[in-house]
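J.: So that we are looking at the same thing, I have put the structure below in structure tokens.
Read-outs throughout are calculated quantities, based only on the coordinates presented, and are distinct from any laboratory measurement. On a predicted model such as this, the values are computed, not experimentally measured, just so you know. Virtual Cβ from ideal backbone geometry, glycine too; neighbours counted across all protein chains shown.
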Amino acid sequence: MEKNLQAIVEEAAKNLDSVANRADWDNVKATILGPNGSLTQIAKGIGGIPKEDRPAFGQALNRTKKEIEEIFKSSLTSIEQKADLEALGTEVDPTLPPPANFTGGTHPLTNTRRKMVSIFRKIGFTVAEATEAETEWFCFDALNTPEDHPARDEQDTLFFTPEAKWNNIKQKKEEAYVLRTHTSSVQIRSLLREKPPLRIIAPGRCFRRDTVDATHSANFHQTEGLYVDRKVTIKDLKGVLDFFLKELFGDQVETRLRPSFFPFTEPSFEVDLRAPNIGKLSDQWIEIMGCGMVDPKVLGLVELDPEEWTGFAFGIGIERVAMILHGIDDIRHFYNNDFRFLTQLNQPT
Ligand code: DAH
């Protein structure tokens, strides 16, 4: 019997020698370990063996089975390695980290901001930054927005008074802080920091007490622009914005300035655009941003002579641009961190 078992081990090793794929391996396995396999047949013979010899028989059988299984296992490993090598053309190094499916990337709002900034850089604008927590003076007063202006309304603005809390004293009105409601405050910070001529673009986060819906968020992003020099005219404003919007949305873009009102620009305009590839209707004008000529009062407040200096300013929402560029209909997608949304718009860094 021992002889028979040894013969089966040898048979297994010999037959596996010429096996080149998984299907053939399965066949060889069936001839030995399958229901009608040679080892199974021997095992079935246990009934015909005298009782006292059965334990020894069982042990020998198990030893052989284990030995055979080892042989099959190592044969399968080498078949698979060969197949991998053929498929990959190179040896597999199992110590290497797995190939990454997702390499990470930048947020769609970051991509949009970079795109916008890079367009303005081409025409000599530099990036300016300022704090998100501002005094009321920078956010409103210096921008010719008086105390009773609705933009300051507690409905719109997030006020906070850190010193007052620490010192447990009543904050003086003129020292009240707000989370900036727009990036226009950077106009004033820049004009006080640098003397004109000045060309800045100021992207950043803004805050309002807005109720969140498909087009509003209490936390959003804008890019401010400011150009102050001698003899700047509305023609310069229109030229710069046309260039920007064509670079951003494509050459077919048409723009128009529509009279509007902002406290810090005079005259003020809304910029509308239309293009066949934008929006649902190709002949529809879409409002995209606000702009205007810097109000002489604002220049006066930062001690610039309005007779010598003129300029234009503009403000544009980054979410709005990203929504138009990608056809997104709900601003909340930008903040939900849903991987399915982000990976659709992901661009490698
Ligand atoms: N600050 C305005 C807002 O948040 C946008 C704006 C309009 C900025 C006109 C400007 C401008 O610089 O000239 O709605």
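J.: Between ASN336 and ARG205, what is the FRET efficiency for a Förster distance of 25 Å, r being their Cβ-Cβ separation, to the nearest 0.05?
T.: 0.90
J.: Just list whichever of LYS3/LYS29; LYS231/LYS280; LYS195/LYS235; LYS235/LYS280 have alpha carbons separated by over 32 Å in the model shown.
T.: Exceeds cut-off: LYS231/LYS280.
J.: Okay, moving on. Quickly rank 313-319, 8-14 as a protection proxy: mean count of other C-beta atoms within 10 Å, highest first.
T.: Final packing ranking: 313-319, 8-14.
J.: Direction-averaged shadow area of the convex hull around the Cα atoms of the stretch 257-349, nm²?
T.: 9.1
J.: More than 23 angstrom separation, counting every C-alpha pair in the stretch 2-88; what % is that?
T.: 30
J.: Here is a follow-up. On the first, second and third principal axes, largest extent first, how far apart are the outermost C-alpha atoms of the chain in Å?
T.: 118, 57, 37
J.: Using DSSP H assignments, which helices in the chain have an axial alpha-carbon span of 27 Å or above and a mean Kyte-Doolittle hydropathy of -1.0 or higher?
T.: 54-88
J.: How high is the FRET efficiency from LEU192 to LEU88, r the C-beta distance, R0 51 Å, rounded to 0.05?
T.: Using R0 = 51 Å, I get an efficiency of 0.20.
J.: Would you kindly state how much longer the chain becomes between ILE123 and TRP285 on full extension, computed as 0.36 nm times their sequence separation minus their alpha carbon distance, in nm to one decimal?
T.: Taking 0.36 nm per residue and subtracting the Cα distance, the gain is 55.7 nm.
J.: What is the packing order of peptides 140-149, 211-220, taking the mean over residues of other C-beta atoms within 10 Å and listing the highest first?
T.: The packing order, highest mean first, is 140-149, 211-220.
J.: Also: Given +1 on the Cβ of Lys and Arg, -1 on the Cβ of Asp and Glu, and no further charges, what dipole in debye does the chain carry about its Cα centre, rounded to the nearest 20?
T.: 560
J.: Calculated FRET efficiency, GLU52 and GLU10, Cβ-Cβ r, R0 30 Å, to nearest 0.05?
T.: 0.55
J.: Would you mind calculating the relative contact order of the stretch 2-88 from Cα pairs under 8 angstrom and at least 6 residues apart, reporting the percent as a whole number?
T.: Averaging sequence separation for qualifying contacts and normalising by length gives 37 percent for the stretch 2-88.
J.: Mind checking the full-extension length gain between GLN59 and ALA20? Use 0.36 nm per residue of separation minus the Cα-Cα distance, one decimal, nm.
T.: Value of the extension gain: 10.8 nm.
J.: For the stretch 231-305, what is the convex hull (Cα atoms) projected area averaged across all directions, in square nanometres?
T.: 5.5
J.: Something else now. Can you pull the one-decimal nm distance between simple spin-label points at THR95 and GLN252, each 7 Å off the Cα toward Cβ?
T.: For the pair THR95/GLN252, the computed spacing is 5.7 nm.
J.: If I stretch the segment between GLU266 and LYS115 completely, what's the gain in nm (0.36 nm per residue apart, minus their alpha carbon distance), one decimal?
T.: 51.5 nm
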